[in-house]
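Student: This is the structure I want to talk about, given as structure tokens.
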Protein chains: 2
Amino acid sequence: MKRTSRISELREIISSEKKRGRKIALVPTMGFLHRGHLSLIEQAKQTDAFVVLSIFVNPLQFGPNEDLSRYPRDLERDAHLVEEAGVDVVFHPSVEEMYPRPMLTFVEVGELDRVLCGSSRPGHFRGVATVVSKLFNIVQPDMAFFGQKDYQQYLIIERMVKDLSLPIEICPVPIVREEDGLAMSSRNIYLTAEQRLEALVLSKSLNEAERSIHGGQRSAREIERQIREKITLESHGVIDYVEVRDAGSLSDVTDIQSPVLLALAVKFGTTRLIDNKVVEVEQNV
Amino acid sequence: MKRTSRISELREIISSEKKRGRKIALVPTMGFLHRGHLSLIEQAKQTDAFVVLSIFVNPLQFGPNEDLSRYPRDLERDAHLVEEAGVDVVFHPSVEEMYPRPMLTFVEVGELDRVLCGSSRPGHFRGVATVVSKLFNIVQPDMAFFGQKDYQQYLIIERMVKDLSLPIEICPVPIVREEDGLAMSSRNIYLTAEQRLEALVLSKSLNEAERSIHGGQRSAREIERQIREKITLESHGVIDYVEVRDAGSLSDVTDIQSPVLLALAVKFGTTRLIDNKVVEVEQNV
């Protein structure tokens, strides 16, 4: 496995693979990898492409009061993990390599970026769309893999690719969970033992909501109320949002008819966790 | 020469040229071509690249009260001209081909887009940066040619390419003028005979200002005053702006030391013309 922190060196490596007719797959990450990331790599490997994994904690997508400086990092551990997983090259640029001058250029995906995490983290998705654009331009991959844990991010990137005619296939990969149901996240390491236990309420409340919909509940507000109630009763988590939205457009839903996204963000202490579930609805005959 | 209005067909044409090792040069235009455009093509031809010329009157870069609907168009005349000039393929998509769904994604280049034409045409450069991004993603050229008549546009695109790591060389091409000095523009066709004559004051005032700087004048405000005075005295043109700015960053200049951009926009009737000149300064020893 190759490793480089230089854009120019990465371009040379990729260009020689392309000349040999290899397809290129990109797995963009912020590092501190877990089994969720390994599942992205696994999907990428299945395409027989040359797999590029990027590790970059992107300052542009952190708000002024967020956890940029304490975001967990462990490059050596990550490198070891991805080598075992069969990644072909790890790209781990410094902030200076990615942003050698003040960034004036930003990519924004309107509407989709204003709801859910977009309203509690202003500028976050602008930072994501901009860095992903830049990574796409550097790597010029044929396909790129995004985890559905960040479902809104996946939708935004997919829309950006369509709107700007990027010749890249965006491949979503299902959420990977701990055995007890907690969605994998680099931020789980922040949790105390007690918070870790309480955080199980997130996946449980989503599962309950799904059962409720499958049982015939069609009111989005009622589903949101049920999830909120369970989280409030069974944990000290402070709810940022709990919302039922259209799974394709993220638009408001009142009456659940087409596939919906159940999405939530909840703070345990200073740690903000997100989780979600897409629920298909059997149409009434 | 090939012609296509389809993104997919253009991609096939370009891809087969790339496979044969050809470099790709892009000349993006809004059509209704004049000798300024032909000069872009000439520069592109000199690289021995496969030359793609796009013709697209981009709605995103027109304001609600601007001349989108009456912007001059003549595809057959254009196609004839560029065939003679040696263009390899003309890409003339419809609005539906370029924007098949509501555009949610926009590319913005901050700071550079707020001054000069950016302040009188809000959203204009956002529309330009977005469509040029999209054309870059469709064509994936090795180089792209932009006229210096739209100097601010050229700087914005150059910055976008650097900030987003697009692997494209941006080649600026000097302004082409009529024999009497009027800068070539598709919009010159709107001018009445009288306005056409009066519009000569633009290039004349820029030339005078250059002589004044070379003669030792170092006050940016005084240069602006001289240009304004000449335009006001010698024409009925209504000044939108006359500004002296740093030629690299477009930042404010008080004392002229490094190369400056003399830029102006003036309305003759309903027709808004722009012109500019970059003036190098001999440093005091």
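Student: Hand me the tally of lysine pairs in the range B:158-279: alpha carbons under 23 angstrom apart, and the pair either on different chains or 8 or more positions apart. Walk me through the numbers on the way to the answer.
Tutor: Working: B:Lys204/B:Lys230; B:Lys204/B:Lys267; B:Lys204/B:Lys277; B:Lys230/B:Lys267; B:Lys230/B:Lys277; B:Lys267/B:Lys277.
Lysine pairs meeting both conditions in the range B:158-279 amount to 6.
Student: Grab the other residues whose beta carbon is less than 12 angstrom from that of A:Lys2, score K and R as +1, D and E as -1, and report the net. Mind dumping the intermediate values first?
Tutor: Values: positive: A:Arg3, A:Arg6; negative: A:Glu9, A:Glu12, A:Glu17, A:Glu83, A:Asp88.
With Lys, Arg at +1 and Asp, Glu at -1, the net is -3.
Student: Something else: Fully extended, how many nm does the chain gain between B:Ser8 and B:His34 (0.36 nm per residue separation, minus their Cα-Cα distance)? Each step should come with its number before you reach the end.
Tutor: Numbers: separation 26, 0.36 × 26 = 9.36 nm, distance 2.83 nm.
Computed gain between B:Ser8 and B:His34 is 6.5 nm.
Student: Using 0.36 nm per residue of separation minus the Cα-Cα distance, give me the extension gain between B:Leu233 and B:Arg114 in nm, one decimal.
Tutor: On the way: separation 119, 0.36 × 119 = 42.84 nm, distance 2.90 nm.
Roughly 39.9 nm would be gained on extension.
Student: Rounded to the nearest 20 Debye, what is the dipole magnitude of the range A:186-278 about its Cα centre when Lys and Arg each give +1 and Asp and Glu each give -1 at the C-beta?
Tutor: On the way: 13 positive and 14 negative charges, 36 e Å.
My answer is approximately 180 debye.
Student: Work out how much length A:Lys45 to A:Arg187 would gain on full extension: take 0.36 nm times their residue separation and subtract the Cα-Cα distance, in nm to one decimal.
Tutor: Working: separation 142, 0.36 × 142 = 51.12 nm, distance 2.57 nm.
48.6 nm is the gain from fully extending A:Lys45 to A:Arg187.
Student: Count the net charge of all other residues whose Cβ sits under 13 Å from the Cβ of B:Met143, scoring Lys and Arg as +1 and Asp and Glu as -1. Mind dumping the intermediate values first?
Tutor: Numbers: positive: B:Arg22, B:Lys23, B:Lys45; negative: B:Asp48, B:Asp142, B:Glu158, B:Glu169.
Combined, the nearby Lys, Arg, Asp and Glu give -1.
Student: Continuing with the same structure: One decimal, nm, shortest first: give the distances between the label point of A:Glu76 and those of the same position in the other copies, each label point 7 Å from Cα along Cα→Cβ.
Tutor: Distances between equivalent label points, in nm: 7.4.
Student: Within the range A:148-180, name every residue whose backbone N is under 19 Å away from a label modeled 7 Å from Cα of B:Lys18 along the Cβ vector.
Tutor: Residues passing the 19 Å test: A:161-171.
Student: Using a probe of 1.4 angstrom, how much of the accessible area of the range B:14-107 is carbon and sulfur, in percent? Mind showing how you got there, number by number?
Tutor: Values: 2160 of 4390 Å².
So the carbon and sulfur contribution to the accessible surface is 49 percent.
Student: Taking only Cα atoms, what is the 0 to 90° angle, nearest 10, from helix A:200-214's long axis to the longest principal axis of chain A?
Tutor: 60 degrees
Student: Mind pulling the angle between the C-alpha long axis of helix A:7-19 and the longest principal axis of chain A? Nearest 10 degrees, somewhere in 0 to 90.
Tutor: Helix A:7-19 sits roughly 80 degrees off the main axis of chain A.
Student: Which distances in nm, rounded to one decimal and ordered from shortest, link the label point of A:Leu233 to the equivalent label points in the other identical copies, with labels set 7 Å from Cα toward Cβ?
Tutor: Result for A:Leu233, in nm, nearest copy first: 8.6.
Student: While we're on this one: How big is the gap, in Å, between the Cα center of the range B:1-47 and the Cα center of the range B:241-267?
Tutor: Centre-to-centre distance over Cα atoms comes out at 33 Å.
Student: Something else now. Exposed loop GluC sites (Glu not before Pro) only (DSSP loop, at most 11 other Cβ atoms within 10 Å): please give the longest stretch of chain B free of them, not including the sites.
Tutor: Working: sites that count: B:Glu179, B:Glu282.
With a cap of 11 other Cβ atoms within 10 Å, the longest stretch comes to B:1-178.
Student: On C-alpha positions alone, give me the angle between the axis of helix A:35-45 and the longest principal axis of chain A, in degrees, nearest 10.
Tutor: 50 degrees
Student: Still on this model: Ignoring ligands, DNA and RNA, what accessible area per residue does the range A:186-278 give at 1.4 Å, in Å²?
Tutor: Numbers: 4200 Å² over 93 residues.
On a per-residue basis, the range A:186-278 sits at 45 Å².
Student: Taking the simple approach of a point 7 Å from Cα along Cα-to-Cβ for both B:Glu76 and A:Glu222, what is their distance in nm?
Tutor: Spacing of the two 7 Å Cα→Cβ label points: 6.5 nm.
Student: What longest region of chain A stays clear of trypsin sites (Lys or Arg not before Pro) that DSSP places outside H, G, I, E and B and that have at most 10 other Cβ atoms within 10 Å?
Tutor: Working: sites that count: A:Arg20, A:Arg70.
My reading of the result: A:71-285 is the longest stretch.
Student: Only four residue types carry charge here, +1 at the Cβ of Lys and Arg and -1 at the Cβ of Asp and Glu. Report the dipole size of the protein assembly as shown about the Cα centre in Debye, rounded to the nearest 20. Can you show the working numbers first?
Tutor: Values: 72 positive and 84 negative charges, 87 e Å.
So the magnitude is around 420 debye.
Student: So, one more: Considering only the protein assembly as shown, what is the antiparallel percent among its DSSP beta bridges, to the nearest 5? Intermediate results must be reported in sequence, preceding the final value.
Tutor: Details: 45 of 83 bridges.
Of those bridges, close to 55 percent are antiparallel.
Student: Another question, if that's okay. Placing unit charges on C-beta atoms (Lys and Arg positive, Asp and Glu negative, everything else neutral), compute the dipole magnitude of the range A:32-101 about its Cα centre in debye, rounded to 20. Walk me through the intermediate numbers first.
Tutor: On the way: 6 positive and 12 negative charges, 40 e Å.
So the dipole magnitude of the range A:32-101 works out to roughly 200 debye.
Student: Still on this structure: What residues in the range B:124-165 lose 20 Å² or more of accessible surface when the other protein chains are added to their chain alone (1.4 Å probe)?
Tutor: B:Lys134, B:Asn137, B:Gln140, B:Arg159, B:Lys162, B:Asp163, B:Leu164, B:Ser165
Student: Hey, another quick one. Just grab the label-to-label distance for B:Glu194 and A:Glu194, each label 7 Å out from Cα along the Cβ direction, in nm (one decimal).
Tutor: Inter-label distance under the simple model: 8.5 nm.
Student: Shortest first and in nm to one decimal, what separations exist between B:Met1 and its copies in the other chains, measuring from label points 7 Å along the Cα-to-beta-carbon line?
Tutor: Reported distances to equivalent positions: 5.2 nm.
Student: What is the minimum Cβ-to-axis distance for chain A, in whole Å, where the axis maps A onto B, and to which residue does it belong?
Tutor: Minimum Cβ distance to the axis, with residue: A:Val107, 3.
Student: Just from its helices, what would the mean residue ellipticity at 222 nm be for chain B, if runs of 4 or more DSSP H residues each count -39500 (n - 2.57) and the sum is divided by every residue, rounded to the nearest 500 deg cm²/dmol?
Tutor: Numbers: 10 runs with 108 residues, N = 285.
Taken over chain B, the calculation gives -11500 deg cm²/dmol.
The values are calculated or read from the model by the stated rules, or taken from the named source; none is laboratory data. If you're wondering where the values come from, they're calculated on a predicted model, not measured in any experiment. Every residue, glycine among them, receives a Cβ derived from its backbone with ideal geometry; neighbour counts consider all protein chains shown. Areas reflect the complete protein model, heavy atoms only, side chains present, ligands, DNA and RNA absent. Shrake-Rupley method; radii C 1.70, N 1.55, O 1.52, S 1.80 Å.
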